[in-house]
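None of the figures in this text is laboratory data; all of them are computed from the coordinates on show. Just so we're clear, the structure is a prediction, and the values are computed from it rather than from any experiment. Quick reminder, even Gly has a Cβ in these numbers, built from the backbone with ideal geometry, and neighbours come from all protein chains shown.
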Amino acid sequence: MKPKVCILRADGINCDEETFYAFEKFGGEPEYVHINQLRSKIKHLKNYQILAIPGGFAYGDDVVSGKILATELVSFLKDQIQEFVSRKKLILGICNGFQVLVRTGLLPFNHLGEMDATLAQNESGHFECRFVKIKIQQSCAIFLKPYVEQVIDISVNHGEGKFFSDNKTISKIEKENLVFCRYVDQNGRPTQKYPPNPNGALNAIAGITDPTGRILGLMPHPEKIIELTQHPNWRRGNVSAKGGLIFESMVKFAQQS
């Protein structure tokens, strides 16, 4: 059976079609679901195996990025989300979706309604829209284990992408093995230097998981490097399209769960 994927929609989300395509390409059964359909209970999260919160600018990123959608999820859909998580289903947040997951408290420690970290403004002082490199790390996301140490060319499109928290929280994140990808330089080494680290994220953190390994969030856009022709240098050779590994691994894991 193909796992059903809830592609969440709300005003300002604009990477929903790319996310739909990625999950469909790698064996999922995606469906567009507007948040109002969940609030009115026309549709229910319990009918899906994966919840995907795409990138974009939900509600125009009013106040701060992802804040309003996060508040809406915690205020009106708390019971549905708690049930979804308790049934050990999968959640993916990309860019704005990552910001939402952090602001709901689902990441990094699955403390729904409590913020333990944030995505702050880029240290460059401006919006970053280009390709960078990330490396998959050993983490609690066991379905990514076959891809550990792989380096991926990937797109970033954000103005508030600096993963930030206090030293105690960052130390706990590292100790609990929650970082599943980091920004790296041309030699594949994690870096704090700009431009390979596009936002100044602490410990070069590009994406994290919760302690169960079932909730993932990352600032870069894997759905934008599914096909080789999406790479800006695809005509020059020696490039690859590896963004699909995240979607493929999640779909396979959902099928086996």
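In table form, for the structure just shown:
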quantity	calculated
Listed residue (Q138, G113, H221) projecting farthest to the positive dipole end of segment 4-256, Cβ model	Q138
Rough spin-label spacing in nm, given labels placed 7 Å along Cα→Cβ, for V63 and L112	1.8 nm
At 0.890 mPa s and 25 °C, Stokes D of segment 179-218 from Kirkwood alpha-carbon radius, µm² per second	235 µm²/s
Principal semi-axes in Å for segment 1-141 [√(5λ), Cα gyration tensor, largest first]	23, 19, 16
Label point distance in nm, K168-E31, each placed 7 Å from Cα along Cα→Cβ	4.3 nm
Alpha carbon centroid spacing (whole Å) that separates segment 177-200 from segment 71-101	26 Å
Interatomic Cα distance distribution for segment 192-246, bins of 10 angstrom, percent	21, 36, 36, 6, 0
Förster-model FRET efficiency, 45 Å R0, N187 and K4, C-beta, rounded to 0.05	0.65
Rh by Kirkwood over Cα pairs, then Stokes-Einstein D for the chain at 1.567 mPa s and 4 °C, µm²/s	72 µm²/s
For q = 0.11, 0.15, 0.20, 0.25 Å⁻¹, Debye-computed log10 I/I(0) when each Cα of segment 60-151 counts as one equal scatterer	-0.40, -0.72, -1.10, -1.30
MRE, 222 nm, helices only [DSSP H, n ≥ 4, -39500 (n - 2.57), over the chain, to nearest 500]	-7000 deg cm²/dmol
Residues listed by number, segment 76-119, amide nitrogen under 16 Å from C129 label point at 7 Å toward C-beta	96
